Amino acid sequence: MNIGSLNKRISYTVPGAKTTDGYGGQTRATGTTVTTWGNAKPLSQAKNLLYGLTAGERAYIFSFRYGSTTTMTNISTITYETRTFVIRQILEIDEAQSIIKVLASERTN
């Protein structure tokens, strides 16, 4: 990947570990938010269907610098231009584990 194409500011949040709350349930810790350089490409509706997403859902493919100290999962979120995205798939991690490519769709409230 051309490192010069990572020209947008992207934040990703990796949730913290679950701990028991003493009442029979579990509470998730706050987690870690990292701001890094990345690239965001919106998907067309044809590509949405190809990836198995619902029609009309806004999805992006994000490529960004990834720290090996955090573990990206499908419950992690991405913040880009004040919008929050939920990770649907982790598509690719390079051999050096420094660049990750994920498919994410916009969270609707």
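If you go through region 10-26 and pick out every residue that is surrounded by 12 or more Cβ atoms within 10 Å (Cβ to Cβ) and either touching a His at 6+ places or on another chain (Cβ under 8 Å) or of a type in the set (V, I, T) (or both), you end up with 3. Residues of region 28-65 being loosely packed, with under 12 Cβ neighbours inside 10 Å and touching a Ser or Thr at 6+ places or on another chain (Cβ under 6 Å), which ones? Listed by number, the list holds a single entry, T35.
Is there a residue being loosely packed, with under 11 Cβ neighbours inside 10 Å and within 12 Å of the chain's Cα centre (by Cα) anywhere in region 82-99? Checking region 82-99: not a single residue is loosely packed, with under 11 Cβ neighbours inside 10 Å and within 12 Å of the chain's Cα centre (by Cα).
Read-outs throughout are calculated quantities, based only on the coordinates presented, and are distinct from any laboratory measurement. Worth saying up front: this structure is predicted, and the values here are computed from it rather than measured. Counting neighbours? That spans all protein chains shown, and the Cβs are built from the backbone with ideal geometry, glycine included.
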